[in-house]
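Reading through the structure tokens given below for one structure.
The values are calculated or read from the model by the stated rules, or taken from the named source; none is laboratory data. Predicted model only: the values in this text are computed from it and were never measured. A quick note on method: Cβ atoms are made from the backbone with ideal geometry, for glycine too, and the neighbour counts reach across all protein chains shown.
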Amino acid sequence: MSNAFVQVDGVALRHPGADGTLALEHCTLSVAEGEFVAVVGPSGCGKSTLMRLVTGLWRPTAGGVVVAGREVAGPLSIAGMAFQNPSLLPWRTVLDNVLLPLEVVKPHRSRLRRERAAYEAEARALLALVGLAGFEDRFPWQLSGGMQQRASLCRALIHRPGLLLLDEPFGALDVFTREELWLVLQEVWRTRRPTVLLVTHDLREAVLLADRVLVMSARPGRIAAERRVPFPRPRALEGTYTPAFGAMVGELRALVGAAREVPAGAA
Amino acid sequence: MRRSHAEAALPWIVALALALLWEAVVRCFAVPEFLLPAPSAIGASMAKWWWPLLDSAARTLLNTVLGFALAVAFGLALGVAIGASPLLYRALYPLLIGFNSVPKVAVVPVLVIWFGGGIVPAVITAFLISFFPIVVNVATGIATVEPELRDVLRALGAGRLDIIRKVGLPRAMPYFFASLKVAITVAFVGSIIAETVAGNQGVGHLMLVASSRFDVPLVFAGLVVTGAMGVAMYALAAVLEARTTGWATRGQRDGLGFGA
């Protein structure tokens with residue numbers, strides 16, 4: 001694919017050290033601009049490793065990663081990240097937590113002081129989008145887990161990243177909060193249209209949100225299967241209980257099960 | 001409201017009760033004054049020698065605060081460096097522990113040879129004894145930044161300095177203030193040791209002179225004054241802590257210590 005926004009090409013990654021495990025091997029995938037791709041797979045298959053390679057936090061042992069037409073050689077400021085742990089700073093208010101990336105990312109960090117009001121308005125708009133209007137001046141520890149994760153999502157989005165990397169962002173939340181945040185994320189994606197790479201354990205989450213679901217094999221991880229999700233958008237929660245949706249989740253479940261079988265001879 | 005008033009008065013009540021018990025024991029068993037003076041005798045001695053006591057206390061406080069200030073500056077700098085760099089940590093930590101294990105009384109004569117008597121050995125001893133807890137605590141705070149948070153910032157292009165400034169330092173502040181409370185009390189130990197061994201001034205020197213004259217009530221008066229200064233400085237550190245790092249106790253005001 002020539003118009004790929006993210007292109008991972010035959011990537012391998014061996015963790016450093018004499019007995020370093022091979023986390024990824026022959027891993028190839030591509031994500032088009034504005035596409036929402038979910039990555040699922042058995043635990044320990046290197047999904048999070050893949051994330052770190054795409055953001056440039058780690059360098060591949062073999063193969064190459066290209067994002068937005070450029071070889072990834074270092075941390076990418078066009079990426080926003082959110083993890084299972086919201087990791088907000090407890091000494092900052094929600095608003096100041098959301099503004100944190102602007103104090104670091106290049107074009108913004110020098111402008112922040114002068115154009116503080118404009119940036120703050122942007123942060124407030126984002127917080128309103130995820131349903132946190134009125135909580136700007138609270139501290140993270142005064143919020144529930146789901147609200148913290150919403151704020152974490154805003155922090156990932158504040159510098160208008162072209163690429164959003166989400167590593168099991170809803171993994172630690174209860175089912176009801178999780179389902180609510182699926183819809184929030186879908187709304188964010190529909191209004192902002194970032195390219196999204198979502199790592200998840202939850203197959204319903206993957207099918208509800210993604211345009212395409214990639215199934216990774218057990219370690220060393222590579223893309224073992226791929227399914228395009230045909231359902232029209234916006235997708236509602238009720239849709240997850242239709243037979244077609246259930247069939248798709250079931251099929252993916254079988255693929256993940258098959259991917260868990262460690263191929264003979266693998267370390 | 002009534003309850004918190006009672007709680008505030010509690011330490012005073014306990015101290016008073018202890019003093020009364022002490023007084024009663026000394027009187028009942030007719031303990032001679034040169035062994036254990038009664039609180040009333042200590043009070044009388046304080047009233048009699050109020051000027052030398054005040055003068056010595058001021059000097060000891062100055063020595064202690066100077067040494068403590070040096071410890072804060074060096075401790076903060078070294079703590080940040082060690083916490084941020086695993087290499088420095090590995091290189092310096094064993095050395096620091098070894099250094100901290102040396103009894104400071106043994107160092108004072110060396111300091112006297114180098115700097116003579118007076119204020120310098122006391123300030124340096126206070127510094128030496130109080131900077132270790134600060135280094136260890138600040139280093140811990142900086143070194144335990146959550147990896148996800150580091151990744152979020154690094155992925156945005158943050159350098160090492162950015163991460164220390166935005167996350168490491170604020171995060172280390174509760175550790176830092178906790179260490180200040182330990183450091184300020186041991187700083188008094190340091191300056192008084194030096195004053196006793198080498199000095200010609202301060203509460204340490206005053207107590208040495210008093211004991212050589214068998215003026216035991218005055219020795220105890222010196223102890224009481226030192227203890228009071230320690231409590232006062234500790235309370236100051238605790239108030240500062242509550243003001244600046246209230247987030248760490250999640251807004252609860254009933255934490256440890258003398259927090260407001």
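Quick one: would you say A:R138 is within 12 Å of chain B (Cβ to nearest Cβ) and basic (K, R)?
Numbers: within 12 Å of chain B (Cβ to nearest Cβ): yes; basic (K, R): yes.
Yes: the conditions hold for A:R138.
Which condition does A:R160 not pass, out of (1) modelled with pLDDT of 90 or more; (2) under 30 Å from A:H108 (Cα atoms), if it passes all the others?
(1)
Would you be able to say whether some residue in region A:99-116 is part of a helix (DSSP H, G or I), in contact (Cβ under 8 Å) with a residue 40 or more places away in the chain, surrounded by fewer than 20 Cβ atoms within 10 Å (Cβ to Cβ) and away from chain B (no Cβ under 11 Å)? Lay out the reasoning, then the answer.
Pass one, region A:99-116, residues part of a helix (DSSP H, G or I): A:99-103, A:106-109, A:116.
Now narrow it down to the ones that are in contact (Cβ under 8 Å) with a residue 40 or more places away in the chain: A:99-102, A:108.
Right, trim to surrounded by fewer than 20 Cβ atoms within 10 Å (Cβ to Cβ) and you get A:108.
Those still in the list that are away from chain B (no Cβ under 11 Å) too: none.
Within region A:99-116 (the criterion being part of a helix (DSSP H, G or I), in contact (Cβ under 8 Å) with a residue 40 or more places away in the chain, surrounded by fewer than 20 Cβ atoms within 10 Å (Cβ to Cβ) and away from chain B (no Cβ under 11 Å)), the answer is no, since none of the residues qualifies.
Do you know which residues across region B:202-251 are loosely packed, with under 15 Cβ neighbours inside 10 Å and outside any helix (DSSP H, G or I)?
Hits for region B:202-251 are B:R213, B:F214, B:R250, B:G251.
Yes/no matrix, rows are residues, columns are (1) away from chain B (no Cβ under 14 Å); (2) in contact with a Leu (Cβ under 9 Å, 6 or more places away or on another chain); (3) in a strand (DSSP E or B); (4) in contact (Cβ under 8 Å) with a residue 12 or more places away in the chain:
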| residue | (1), (2), (3), (4) |
| --- | --- |
| A:G20 | yes, no, no, no |
| A:C27 | yes, yes, yes, yes |
| A:M51 | no, yes, no, yes |
| A:W58 | no, yes, no, yes |
| A:G64 | yes, no, yes, yes |
| A:M81 | no, yes, yes, yes |
| A:S87 | no, yes, no, yes |
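Checking the condition more than 30 Å from A:S152 (Cβ to Cβ) and away from every other protein chain (no Cβ under 14 Å), which residue from B:V138, B:V123 passes? Explain how you work it out, then say what you get.
Numbers: B:V138 fails: more than 30 Å from A:S152 (Cβ to Cβ).
It is B:V123.
Quick one: which strands (runs of 3 or more DSSP E) sit completely within region A:168-267 and have at least 3 residues that are within 21 Å of the chain's Cα centre (by Cα) and more than 27 Å from A:L76 (Cα to Cα)? Spell out how you get there, then give the answer.
On the way: elements: A:195-199, A:212-216, A:223-228.
Correct list: A:223-228.
Could you list, in sequence order, all residues of region A:169-218 that are polar (S, T, N, Q), more than 22 Å from A:T242 (Cα to Cα) and crowded, with 22+ Cβ neighbours inside 10 Å?
So the first thing to find is which residues in region A:169-218 are polar (S, T, N, Q), and the list is A:177, A:186, A:191, A:195, A:200, A:217.
Next cut, more than 22 Å from A:T242 (Cα to Cα) only: A:191, A:195, A:217.
Within region A:169-218, A:T195, A:S217 qualify.
Within the set of pairs 6+ apart or on separate chains, which have a first residue in region B:151-173 that is more than 7 Å from chain A (Cβ to nearest Cβ) and in contact (Cβ under 8 Å) with a residue 40 or more places away in the chain, a second that is part of a helix (DSSP H, G or I) and of a type in the set (A, V, I, L, M), and C-beta atoms under 7 Å apart?
B:R160/B:A84; B:I164/B:V80; B:I164/B:A84; B:I164/B:I142; B:G168/B:A84; B:G168/B:I142; B:A172/B:V138; B:A172/B:I142
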